[in-house]
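Structure first, commentary second.
The values are calculated or read from the model by the stated rules, or taken from the named source; none is laboratory data. Because the structure is a prediction, the values reported are computed rather than measured. FYI the Cβ positions are ideal-geometry reconstructions off the backbone, even for glycines, and counts take in every protein chain you see.
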Amino acid sequence: MLPMFFWAFVVGGIICVIGQLLFDVAKLTPAHTLSLLVVIGAVLDGLGLYEPLMDFAGAGATVPITSFGNSLVHGAMQEAEKHGIVGVVTGMFEVTSAGISAAIIFGFIGALVFRPKG
Amino acid sequence: MANQTNDNAAQKAYKQLQGKHETQRPVLKNCLRAFLVGGIICAIGQAVMYFYIYFFNFTEQTAGNPTTATMVFFALLLTGFGVYDRLAQFGGAGSAVPVTGFGNAVISAAIEHRSEGYVLGVGGNIFKLAGSVIVFGVFSAFVVALIKTIFIQLGG
């Protein structure tokens, strides 16, 4: 269990450092950086490389935004196995639903409860 | 034509001036901070994941989903109380890259635009910052999955 925390910390940290380098060295805006990381996640899953990383680093691979691209591809591929090419569209959000739903639900609750600062 | 070359020269001069006065970004320090903050957020995510595995019968593979939702909930609390802004100032990409950063982008947009009303303000702007992540994520996933499916169906 403890090694898992360690690897989650290290791998998650490294992915964030890649993001920071894209900020500072490549001078990308946060929106460009995050979009790029999501695309990288999707491509890595397409190549079958993200799953082993998740087994190895646990939350270190599932918490960074790259896992969003990975789970989009995953959902699409799950349905595609059953329904062919149509499944690519119908299954897209199958796995990612939690993150997007949570963001919308909590975002709306936040708007009801909190007031803008400054 | 002469005007254009003039403009170009002016632009060049401006760029040089800008370069001289731009503060050098402390890349190494920023990277260390991003590593620290991002790593800690992922370690917390790991703790949440174990929580779901031991108490709600999720497996190592499926525990990622409720973990994501929980992390977004944490982001709501931290954003609402103004803590996430400070964390972002310190951690840079370390706070933006984890899914809490995605949650923060959605939630802060929702809170910020509530004065414009719930439909046009909150509803219309909730994905103002995070929308590009969803658009490019979905489209790239579509292309990747399409290629993979065609590959498999052709007998790969």
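Laid out as a table, the results:
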read-out	value
Every residue from the stretch B:120-139 that is more than 7 Å from every other protein chain (Cβ to nearest Cβ) and either of a type in the set (S, T, N, Q) or on the phi > 0 side of the Ramachandran plot (or both)	B:125
One residue from A:69, A:19 being part of a helix (DSSP H, G or I), more than 20 Å from residue B:62 (Cα to Cα) and at the interface with chain B (Cβ under 8 Å from one of its Cβ atoms)	A:19
Single residue of B:63, B:43, B:47, B:34 found to be at the interface with another protein chain (Cβ under 10 Å from one of its Cβ atoms), of a type in the set (A, V, I, L, M), buried (at least 19 other Cβ atoms within 10 Å of the Cβ) and closer than 19 Å to residue A:102 by Cβ	B:63
Count of the stretch A:81-93 residues which are at pLDDT below 90 and within 22 Å of residue B:98 (Cβ to Cβ)	0
Selection status of residue B:72, of a type in the set (Val, Ile, Thr) and touching a residue at least 40 places away in the same chain (Cβ under 8 Å)	no
Residues of the stretch B:8-35 classified as modelled with pLDDT of 85 or more and not in a helix (DSSP H, G or I), total	1
Subset of the stretch B:66-82 that is more than 7 Å from chain A (Cβ to nearest Cβ) and not hydroxyl-bearing (Ser, Thr, Tyr) - its residue that is farthest from residue B:111 (Cα to Cα)	B:74
